[in-house]
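Comments concern the structure below.
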Amino acid sequence: MIAFLDLTPTFGVAIENPLLGKSYPSEGEVVAVVDTGYEGFVALPRDIFHRAAFDELQLERRSVLLADGSSLSSEGTYGTLVVPDVSLKADGFIETYGGLDEVIIGTEALSNLRLVLDYCLRRLHAEKYP
């Protein structure tokens, strides 16, 4: 599913932990917000990070700079993002931090896609870039 929810562009995605053979959701997709202001790969709420068993792997701590200039501490490890609608399967750093309540897809993951946002018509078109 590639769509707008109100004014927010979203993708239907799955997150995989290939080292432990876990994925979230276990079947189907979860809605992820496309955030061009987030320079990371994928950010997950803590409960999803736990369900995919990323917290059972060795974690790396990072600092995330927010739009207001403040920063917060995140922790994460490497995993796989799957976007079925565009046949994308990409590996990258998947992180979590307190207060996050939605799955966020950042520019590092988007760099694998050609993305066209049409806010006037509420359309989002994505295709895998060769």
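What pairs come up if the first residue lies in the range 113-126 and is closer than 23 Å to Phe41 by Cα, the second is among the aromatic types (Phe, Trp, Tyr) and not in a strand (DSSP E or B), and their beta carbons are under 7 Å apart, counting only those six or more places apart or on different chains?
These pairs meet every condition: Leu113/Tyr129; Arg114/Tyr129.
Which one is surrounded by the most Cβ atoms within 10 Å (Cβ to Cβ) among residues in the range 67-95 that are among the acidic types (Asp, Glu) and under 12 Å from the mean Cα position of the chain (by Cα)?
Selected residue: Glu95.
Residues that are modelled with pLDDT of 95 or more, small (Gly, Ala, Ser) and within 14 Å of Leu100 (Cα to Cα): does the range 2-25 have at least one?
No, that holds for no residue.
Within the range 40-66, restricting attention to residues that are under 11 Å from the mean Cα position of the chain (by Cα) and part of a loop (DSSP other than H, G, I, E, B), which residue is surrounded by the most Cβ atoms within 10 Å (Cβ to Cβ)?
Filtering first and then ranking leaves Phe41.
Residue-wise test of (1) in a loop (DSSP other than H, G, I, E, B); (2) over 18 Å from Tyr129 (Cα atoms).
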{"site": "Pro9", "(1), (2)": "no, yes"}
{"site": "Ser23", "(1), (2)": "no, yes"}
{"site": "Val31", "(1), (2)": "no, yes"}
{"site": "Asp68", "(1), (2)": "yes, yes"}
{"site": "Ser73", "(1), (2)": "no, yes"}
{"site": "Thr77", "(1), (2)": "no, yes"}
{"site": "Leu100", "(1), (2)": "yes, yes"}
{"site": "Leu115", "(1), (2)": "no, no"}
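The values are calculated or read from the model by the stated rules, or taken from the named source; none is laboratory data. Quantities reported herein were computed from a predicted structural model and do not represent experimental measurements. Here the Cβ is made from the backbone with ideal geometry for all residues, glycine too, and neighbour counts use every protein chain on show.
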